[in-house]
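Participant: One structure, as structure tokens, below. Some questions next.
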Amino acid sequence: MTDKKRSPQKEIVYQFQKIKLKQKALHHVQEGTKEQLQAFRKIQEQDIPHVEKKLADVERELHIEGYFHEEVAILCHPIQRLIQEAEEKLMAYQGELEILEQEEDRLLKEAKEMEQQLKMDN
């Protein structure tokens, strides 16, 4: 939406700066989500198997094999869901970044066309 007080050139610069800020924010959020995903995967790949092994040792010592099987399964489900949600968020952020990049390209093309028009007018 063009502000009536801005020239077309200033509006393009304004929109371009706005896109850059959105991209920067999205990159920041994307990095945080990647860190979360790494933490969730560590839990899934290292921590839960460690807990599972320790509980299996306790089960053997107490002669109650399989007793904690359900509890371990209950632990695994939310972690897998969190991993899936983080992966979906990353895909969504990437899609948003691509849209912003397309908008940026459109603005650059528009700016070049304006520049050519100004050169022709002078």
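Participant: Evaluate E = 1/(1 + (r/R0)^6) for R60 and E87, where r is the Cβ-Cβ distance and R0 equals 30 Å; express this FRET efficiency to the nearest 0.05.
Facilitator: Plugging the Cβ-Cβ distance into 1/(1 + (r/R0)^6) gives 0.25.
Participant: Per residue, how much accessible area does segment 49-110 have with a 1.4 Å probe, in Å²?
Facilitator: Each residue of segment 49-110 exposes 75 Å² on average to a 1.4 Å probe.
Participant: Next question, about the same structure. Any idea what log10 I(q)/I(0) is at q = 0.14, 0.16 Å⁻¹ for the chain, Debye with uniform C-alpha scatterers and no solvent?
Facilitator: Relative scattering, expressed as log10 I(q)/I(0), comes to -0.76, -0.86.
Participant: Also: When the accessible area of the chain is computed with all protein chains present and a 1.4 Å probe, what percentage of it is carbon and sulfur?
Facilitator: 56 percent
Participant: Let me ask another. Once you put a point 7 Å from the Cα of K109 and another 7 Å from the Cα of E45, both along the Cβ direction, what distance in nm separates them?
Facilitator: For K109 paired with E45, the spin-label model returns 4.1 nm.
Participant: Select from segment 1-75 those trypsin sites (Lys or Arg not before Pro) which occupy a DSSP coil region and have at most 15 other Cβ atoms within 10 Å, ordered by residue number.
Facilitator: Passing both the DSSP loop test and the Cβ count: K4, K5, R6.
Participant: So, one more: Taking the Cα centre of each part, how many Å lie between segment 74-90 and segment 1-54?
Facilitator: 18 Å
The values are calculated or read from the model by the stated rules, or taken from the named source; none is laboratory data. Since the model is a prediction, treat every value here as computed from it, not as a measurement. Here Cβ is always computed from backbone atoms with ideal geometry, including for glycine, and neighbour counts include all displayed protein chains. We work out accessible area using only protein heavy atoms, side chains counted, and drop any ligands, DNA or RNA first. Shrake-Rupley method; radii C 1.70, N 1.55, O 1.52, S 1.80 Å.
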